[in-house]
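What follows draws every value from the coordinates through simple rules; no lab data is involved. In this text, all values refer to a predicted model and were calculated from it rather than measured experimentally. Cβ placement follows ideal geometry from the backbone for every residue including glycine, while neighbour counts extend to all protein chains displayed.
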Amino acid sequence: MRLVASSDGPGIDDATRAEARAWILAVSEDPAREPESLAWRSADPVHEAAWREANRLWQQSAQLSLLDRPDWRAEIEDLTRPTWRKPARWLVAATVVLTLGVSLYARSLPDFRAETAIAETRKLALDDGSQVTLAAQSGVAVRFEGGSRRVVLDHGEVFFEVAHDSDRPFTVVAGDAEIRVTGTQFDVRKVGDDIRVSVLEGRVELRRKGMIPILTPDRAERVLTAGLSARLAAGAAGFTPEERAAIPAGGWRSGRLYYSDAPLSDIIADLQRYSASPVRIDDPAVARMKVTTSFRAGRTASFIESLPASLPVRLNRLTDGTIVIEARDRGT
């Protein structure tokens with residue numbers, strides 16, 4: 001697990017600030033460059049201070065989710081295209097352009113970040129009494145400021161036990177999904193851009209982040225209660241209707257993985273966080289096959305090996321060690 005606390009450093013010149021901003025952008029576009037960024041930061045205390053300042057600015061402009069979309073420049077150009085028939089959009093455009101100019105330099109550094117490695121789980125106690133349990137290969141950023149409690153799930157799966165505080169809503173952001181509660185227990189899973197929220201106890205409100213937050217309705221798109229789950233698929237216009245959770249919220253915390261009529265693709269995605277051995281499914285029909293099972297998180301290989309005995313699939317082992325789960329040929 002990695003924790004990054006906020007602090008300010010020595011005086012920073014403009015050239016170093018520019019380098020720090022360049023590293024922030026480079027890592028946001030290609031996470032594989034993070035080791036290079038860390039090396040640059042470690043080379044000089046001024047570099048680290050500049051990076052913290054740049055990251056603080058970067059984090060605050062996350063509030064304008066428009067910046068996180070690859071097509072934001074085109075959308076701004078569309079908003080600012082002159083037309084007398086769209087006076088309201090002109091006003092929005094002015095707001096957006098001004099905010100882009102200011103907020104790019106006004107992001108806040110999270111209180112801390114936490115990450116887990118393959119097969120590692122960690123439980124964190126937050127300042128408000130809430131507890132956050134990270135599943136294997138998961139990462140979060142936590143920020144408590146004034147009247148807000150905010151956690152960003154970068155990847156993986158996290159179970160939240162939120163201390164009740166009606167005056168300080170607790171918000172979890174995962175991709176295009178925004179989850180709000182005042183006190184409850186729930187699970188959020190992010191695989192790529194696919195988000196799933198499951199509730200163990202209490203009430204959870206789901207919203208889809210809008211391109212321009214100030215124009216996003218405050219009304220919840222879905223409200224989940226105990227035992228219910230909903231998804232936001234990559235590129236989808238909204239959440240799926242609430243349904244009984246196929247996977248019990250937070251059940252994985254016991255070290256055992258539970259699945260009830262769950263798509264095989266979901267199970268394989270989870271297993272990849274507990275094992276370094278690559279497994280994939282290329283056939284959508286195989287990915288949709290439903291499975292009900294339970295096994296220890298450390299016995300992922302045994303589960304994979306048992307699949308051909310219970311499903312019409314076969315295991316294709318590639319020369320690089322990857323296992324591809326394929327549909328079994330008819331007659332075999």
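Numbers at a glance
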quantity	calculated
Kirkwood Rh and Cα Rg combined as Rg over Rh, evaluated for segment 112-244	0.93
Cα→Cβ-extended label distance, 7 Å offset, between D44 and Q131, nm	4.6 nm
Rounded FRET efficiency, nearest 0.05, which uses the C-beta distance separating A26 from R244 and R0 of 41 Å	0.40
Segment 283-332: trypsin sites (Lys or Arg not before Pro) in DSSP loop, at most 15 other beta carbons within 10 Å	R288, R328, R330
Amide H within-cut-off set for L200, under 5 Å, with H built and near neighbours excluded	Q185, F186, D187, G227
Length added when fully stretched, E221-E326, from 0.36 nm per residue minus Cα-Cα	34.1 nm
Simple label model, 7 Å out from Cα along Cβ direction - D154 to D14, nm	3.1 nm
Overall Cα dimensions of segment 193-332 - principal axes, largest extent first, Å	54, 31, 29
Backbone N under 12 Å from the D165 label point (7 Å along Cα→Cβ), restricted to segment 176-205	182-183
Kirkwood-based Rg to Rh ratio, segment 255-327, C-alpha trace	0.92
